[in-house]
Amino acid sequence: MSETVGFIGLGIMGLGMARNLLQADFDLCVWNRTASRMDELVTAGASAAGSPAEIASRCDIIIVCVSDTPDVQAVILGENGVIHGARSGALVIDTSTISPRATREISARLAQSELHMLDAPISGGSEGAARGTLSIMVGGESAQVERAMPAFRAMGEKITHVGGTGSGQMVKLVNQILVVGNALAMCEALLFAQAGNLDLEKTLAAVSGGAAGSWMLSMRGPQILERDWRPGFTIDLQQKDVRLALAAADELGVPAPITSMAFHYYRALQAQGLGDEGNHALIKAMERLAGIEVRASQ
């Protein structure tokens, strides 16, 4: 008999993930702070809860996908949080990207109530969430990872158990350092190509399949050429992850100059009110420095 699953947080990533759990025939209960976002899933067969505690009282596995460390702390440990409704032996899976240190603290609090936790941050953008092709980086006990695998397989394509509690979050920060580094290189290269009067669509086609190719270039490069700033992942969320990476790097005493550069570009864009745009709008900060606008050939 499959375990009942609760899902907390139906934002840009969580909604697609919850849909895929429903399509995989999980008995699903959902909660979101803005209640109207539950309507689509309830129509499709999910049940709705009035609070994270209520979800926890009804479910064996509770998946969390919210924006930042304080949000995770609130829905798990706060008033009407998961810890106040969960049954002994329940498993909490946090797919958010948050502080590794806070993850270990939350896990310890849950363990005092005989509850299990996995940190399982995700990568792949809203497209991956919708298609069920996310990469999932999992930290925690092996037995709980095995228990969670049916749910992970409904939401993701590459599931990797990377170590103990907090390791999933650390690997996700490695991922985000690479993401913003790729984004910076992509934006710099496209500015260079634009200044050189190249056909940018042909240029992208020429370089995407070789050693310079990347997910960022293939997925977000065409959006930049079309001036399409719809988010697979917003600037605000990307900047939150960059802050987490820089804080962890500071704790470790590791230099992070590329990540720091991305932080300052993103902060400039946030100051201009662009935080809701896709993270590939990073190029707008570079364009203003160069006095050049990148776009597809007309």
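The values are calculated or read from the model by the stated rules, or taken from the named source; none is laboratory data. Computed from a prediction, not measured in an experiment: that's the story for all the values here. For neighbour counting, all protein chains shown are included, and Cβ atoms are generated from backbone atoms with ideal geometry for every residue, glycine included. Heavy atoms of the whole protein, side chains included, go into the accessibility calculation; ligands, DNA and RNA do not. Shrake-Rupley method; radii C 1.70, N 1.55, O 1.52, S 1.80 Å.
Listing for the model above:
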read-out: Cleavage-rule hits (trypsin sites (Lys or Arg not before Pro)) in the stretch 222-298: DSSP loop, at most 11 neighbouring Cβ within 10 angstrom; value: none
read-out: Per residue convex hull volume, Cα atoms of the stretch 1-87, in Å³; value: 79
read-out: Accessible area of the chain divided out per residue, in Å², using a probe of 1.4 angstrom; value: 45
read-out: Lys/Arg +1, Asp/Glu -1 at C-beta; the chain dipole; positive extreme among Gly125, Gly156, Ala90; value: Gly125
read-out: The chain: antiparallel DSSP beta bridges as a percent of all, rounded to 5; value: 15
read-out: Stretch gain in nm, segment Val254-Leu77, where the contour uses 0.36 nm per residue and the Cα spacing is subtracted; value: 60.6 nm
read-out: For the stretch 132-145, Karplus couplings with θ = phi - 60° (6.51, -1.76, 1.60), whole Hz, Gly/Pro x; value: x, 10, 5, 8, 10, 10, 10, x, x, 6, 4, 5, 6, 4
read-out: Under the Karplus curve 6.51 cos²θ - 1.76 cosθ + 1.60, θ = phi - 60°, whole-Hz ³J(HN,Hα) for the stretch 84-91, x wherever Gly or Pro sits; value: 7, x, 5, 8, 3, x, 5, 10
read-out: Compactness index (Cα Rg / 2.2 N^0.38 Å), the stretch 151-298; value: 1.11
read-out: Euclidean distance of C-alpha centroids, the stretch 117-131 and the stretch 158-220, integer Å; value: 17
read-out: Charge context of Gln223, other residues only, Cβ under 13 angstrom, K/R +1, D/E -1; value: 0
read-out: Where trypsin sites (Lys or Arg not before Pro) fall in DSSP loop in the stretch 65-131, at most 16 other Cβ within 10 Å; value: Arg87
read-out: DSSP bridge pairs, the stretch 25-157: antiparallel proportion in percent, nearest 5; value: 20
read-out: Rh by Kirkwood over Cα pairs, then Stokes-Einstein D for the chain at 1.306 mPa s and 10 °C, µm²/s; value: 80
read-out: Nonlocal amide H pairs with Ser99, under 5 Å, H built at 1.01 Å; value: Thr69
read-out: Neighbourhood net charge (15 Å Cβ-Cβ; Lys/Arg +1, Asp/Glu -1) for Leu190; value: -1
read-out: Cα-based reach from Lys158 at 25 Å (exclusive), listing lysines while leaving out same-chain residues under 8 positions away; value: Lys172, Lys240
read-out: Dipole magnitude of the stretch 231-298 about its Cα centre (Cβ charges: Lys, Arg +1; Asp, Glu -1), debye to nearest 20; value: 160
read-out: Total charge dipole magnitude, the chain, about the Cα centre, Cβ charges on Lys, Arg, Asp, Glu only, Debye to nearest 20; value: 300
